[in-house]
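Enquirer: One structure, as structure tokens, below. Some questions next.
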Amino acid sequence: MAYSEKLIDHFENPRNVGAFDKGDDSVGTGLVGAPACGDVMKLQIKVGPDGIIEDAKFKTFGCGSAIASSSLVTEWVKGKTVEEAATIKNTDIAKHLALPPVKIHCSVLAEDAIKAAIEDYRKKHA
Amino acid sequence: MNTAVKTAPTSDRPNAPRRPVYLDYQATTPMDPRVLEAMMPYFTEKFGNPHSRNHEYGWEAEEGVEKARQQIADLIGGDEREIVFTSGATESNNLAIGGVARFYKDQRDHIVTLVTEHKCVLDTCRHLEQEGFKVTYLPVQQNGLVDLAALEAAITERTAIVSVMAANNEIGVIQPLAEIGALCRKKGAFFHTDCAQAFGKIPLDVEAMKIDLMSISGHKIYGPKGIGALFVRRRPRVRLQAMIHGGGQERGMRSGTLPTPLCVGLGKAAELAKNEMAAEATRMKALRDRFMAAINAKLPEVFLNGDLENRLPSNLNLSFAYVEGEGLMMGIKDLSVSSGSACTSASLEPSYVLRALGVEEELAHTSLRIGFGRFTTEAEVDYAAERIVQAVSKLRAMSPLWEMAQDGIDIKSIQWAAH
């Protein structure tokens, strides 16, 4: 399978690997996927008082496409408002990384991960 | 992690382009140059049709084919008249199981096999089920070996053929062939064994093991691709219905002009294996142990799938917990390994062989098959171990499952949403 240069770059030099304190009020954590399916993504956003995502971190168990998809979205959400981040679509991720058809689910998972992180953040601030 | 990566050791050709280290010898092997040398004349000057009885061109081709037949028979303690050339082990397995089942179907319409067999055995059995045959797919034990008591119980007076592979293509475990052969003989069922991985690697004896049919592959033993053989016992005689009809070559069991150079290549590869098998097995075991020691010294939570003792010395199948196999393979691009069998590497499902051992799905997703072979060097093994340690460490550092495990969270306690 031939992967795009962008995908390989994100896999080999993943951005924003790491973790924030889950208990921190400014942090939203999304954990999606399942070990039995071969993909688990944990994506965290750190939101400033102005509602803008200041920072993001991820950890992913999965194939190269899953790792690249999650790395990419940590870059994309930074500097966006929570509302803006919620509009990121899996199709944009798949297009940017030129994911092969069998790997589209990786981009779906990355979209789910952002949504889950935002939901977690919103719950804390409800 | 930006640790300096040593370049992969290459061959003795200093200007050769750098290529990945090949550690997938269970998928296929390069041809031994001695095999190629033996084959060459049969492409050009000795090009005759081995079935031509009227002239020298035919005779010299026939001589090459018959010598090869003898070389193959010699490696398994059989008679050269019991060797049928085929296009490979897939065809041999199809011919053995389908051919015997269809020939004897009026008296016996039952087949016994294992769930861990190669797809070409399982798929053949599925097709026979559609024709009305009954098939028992026996589970294996946690170490990958058949439970002999369960096998004995499964064989009935309606069982035509029992098909159990000698060495598994994914996990390398070696089944107790002699015991299985004795059981089959006692019950009057034919014993077929798929020896694609075992032929030329471990001692095989069709008499001592009471093997009635044996599938053989050329390209797994440093011979050419596109050639295989089926051993078909003459005493007591095994009969089978041909799949390929035509000029009646190969005693009517497999029509078609024999590919002389390929037959000669398979024969030569068998001869080399016979002479070198013992020394090679010792060397493979040393390489394997060296590799395992290097991995175990640096990485915790690496699990071997399948029995260690009853195993091809050249095969390892390892689960690197918390690191997904496909991602891992992408992280070790300069090593050519496999995450299962080459036949199924396009699918995203975890290996059915590992699942049959009771390996949990999440662990099955983390496995690599590493196969050493005739041209593997110690330097390559050391390099491979180092690269795998690096890649696994890097990927574990970015694995949420590894993080949870370090924090003492039981991954099974989490409600995962399957997708």
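Enquirer: So if R0 is 60 Å, what FRET efficiency would A:Glu5 and B:Lys186 give, r being the distance between their Cβ atoms, rounded to the nearest 0.05?
Expert: For R0 = 60 Å, the calculated efficiency reads 0.45.
Enquirer: Could you tell me what percent of the DSSP beta bridges with both partners in chain B are antiparallel, to the nearest 5?
Expert: Antiparallel bridges make up about 55 percent of those DSSP assigns within chain B.
Enquirer: Here's something else I'd like to know. Need the C-alpha centroid separation for the stretch B:278-331 versus the stretch A:74-126, integer Å.
Expert: The stretch B:278-331 and the stretch A:74-126 have Cα centres spaced 37 Å from each other.
Enquirer: Still on this structure, I have one more. Reported to two decimal places, what Rg/Rh ratio describes the stretch B:103-164 when computed on Cα atoms with Rh from the Kirkwood expression?
Expert: Checking Rg against Rh, the ratio lands at 0.97.
Enquirer: How big is the equivalent ellipsoid of the stretch B:21-60 along its three axes, where each semi-axis is √(5λ) from the Cα gyration tensor, reported in whole Å from largest to smallest?
Expert: The answer is 32, 11, 6 Å, longest axis first.
Enquirer: Could I ask something else about it? Take the alpha-carbon centre of the stretch B:31-47, take the same for the stretch B:72-109, and report the distance between them in whole Å.
Expert: Between the Cα centres of the stretch B:31-47 and the stretch B:72-109 lies a distance of 27 Å.
Enquirer: Sticking with this one: Determine how many Å³ per residue the convex hull of the Cα atoms of the protein assembly as shown encloses.
Expert: 170
Enquirer: Moving on. Rounded to the nearest 20 debye, what is the charge dipole size of chain B about its Cα centre when +1 sits on each Lys and Arg Cβ and -1 on each Asp and Glu Cβ?
Expert: That gives chain B a dipole magnitude of about 640 debye.
Enquirer: What number in nm² do you get for the stretch B:73-117 if you take the convex hull of its Cα atoms and divide its surface by four?
Expert: 4.5
Enquirer: Computed over the Cα atoms of chain B, what is the convex hull's projected area averaged over all directions, in nm²?
Expert: That works out to 22.9 nm².
Enquirer: What number results when the radius of gyration of the stretch A:5-124, computed over Cα atoms, is divided by 2.2 N^0.38 Å?
Expert: In units of the globular-protein estimate, the stretch A:5-124 measures up at 0.96.
Enquirer: Picking from B:Phe231, B:Phe103, B:Ala196, whose Cα lies most toward the positive end of the charge dipole for the stretch B:33-273 (charges on Cβ: Lys, Arg +1; Asp, Glu -1)?
Expert: B:Phe103
Enquirer: Here is a further query. Would you compute, for the Cα atoms of the stretch B:33-273, the largest minus smallest coordinate along each principal axis and list the three values in descending order, in whole Å?
Expert: Principal extents (largest minus smallest coordinate, Cα): 55, 36, 28 Å.
Enquirer: Let me ask another. Net charge near B:Asn296: determine it from the other residues with C-beta under 13 Å of the C-beta of B:Asn296, scoring Lys and Arg +1 and Asp and Glu -1.
Expert: +1
Enquirer: Using Cβ counts within 10 Å as a stand-in for footprinting exposure, how do A:His10, B:His365 rank, fewest first?
Expert: The order, fewest Cβ neighbours first, is A:His10, B:His365.
Enquirer: Select from B:Leu148, B:Thr159, B:Thr260 the residue farthest towards the positive end of the dipole of the stretch B:33-273; place +1 on Cβ of Lys and Arg, -1 on Cβ of Asp and Glu, and compute about the Cα centre.
Expert: Projecting each Cα onto the dipole axis, the largest value belongs to B:Thr159.
Enquirer: Counting only Cα, what are the radius of gyration and maximum Cα-Cα distance Dmax of the stretch B:86-213, in Å?
Expert: Rg and Dmax of the stretch B:86-213, Cα atoms, are 13.2, 37 Å.
Enquirer: Among B:61-70, B:110-119, what's the highest-first ranking by average C-beta atoms within 10 angstrom per residue?
Expert: For the peptides B:61-70, B:110-119, the packing ranking is B:110-119, B:61-70.
Enquirer: Between the stretch B:229-257 and the stretch B:122-138, how many Å separate their Cα centres?
Expert: Cα centroid to Cα centroid, the span is 22 Å.
Enquirer: Answer with one residue from A:Gly18, A:Cys37, A:Phe61: the one whose Cα lies farthest towards the positive end of the charge dipole of the stretch A:5-124, charges on Cβ with Lys, Arg +1 and Asp, Glu -1.
Expert: Toward the positive end, the furthest listed residue is A:Cys37.
Enquirer: So, one more: Could you check what % of the DSSP bridge pairs in the stretch B:135-245 are antiparallel, to the nearest 5?
Expert: Looking only at bridges with both residues in the stretch B:135-245, the antiparallel portion is about 50 percent.
Enquirer: Just want the ordering: B:Ser52, B:Ser367, from fewest to most Cβ atoms lying within 10 Å of their own Cβ.
Expert: Least to most surrounded, the residues fall as B:Ser52, B:Ser367.
Enquirer: Something else about it: What is the Cα convex hull volume of the stretch B:278-419 when expressed per residue in Å³?
Expert: 126
Enquirer: Let me ask something else about it. Compute, for the stretch B:33-273, the length of the dipole vector about the Cα centre, with Cβ point charges of +1 (Lys, Arg) and -1 (Asp, Glu) only. Units Debye, rounded to 20.
Expert: Dipole magnitude for the stretch B:33-273 comes out near 420 debye.
Enquirer: Evaluate the distance, in nm, between pseudo-label points positioned 7 Å from the Cα of B:Ala286 and of B:Phe43 along their respective Cα→Cβ axes.
Expert: Once both label points are built, they end up 3.4 nm from each other.
Enquirer: Also: What does the charge dipole of the protein assembly as shown about its Cα centre add up to, to the nearest 20 debye, if the Cβ of each Lys and Arg holds +1 and the Cβ of each Asp and Glu holds -1?
Expert: 840
Read-outs throughout are calculated quantities, based only on the coordinates presented, and are distinct from any laboratory measurement. Bear in mind the structure is a predicted one, so any value in this text is a computation, not a measurement. So basically every Cβ, Gly included, is an ideal-geometry build from the backbone, and we count neighbours across all protein chains shown.
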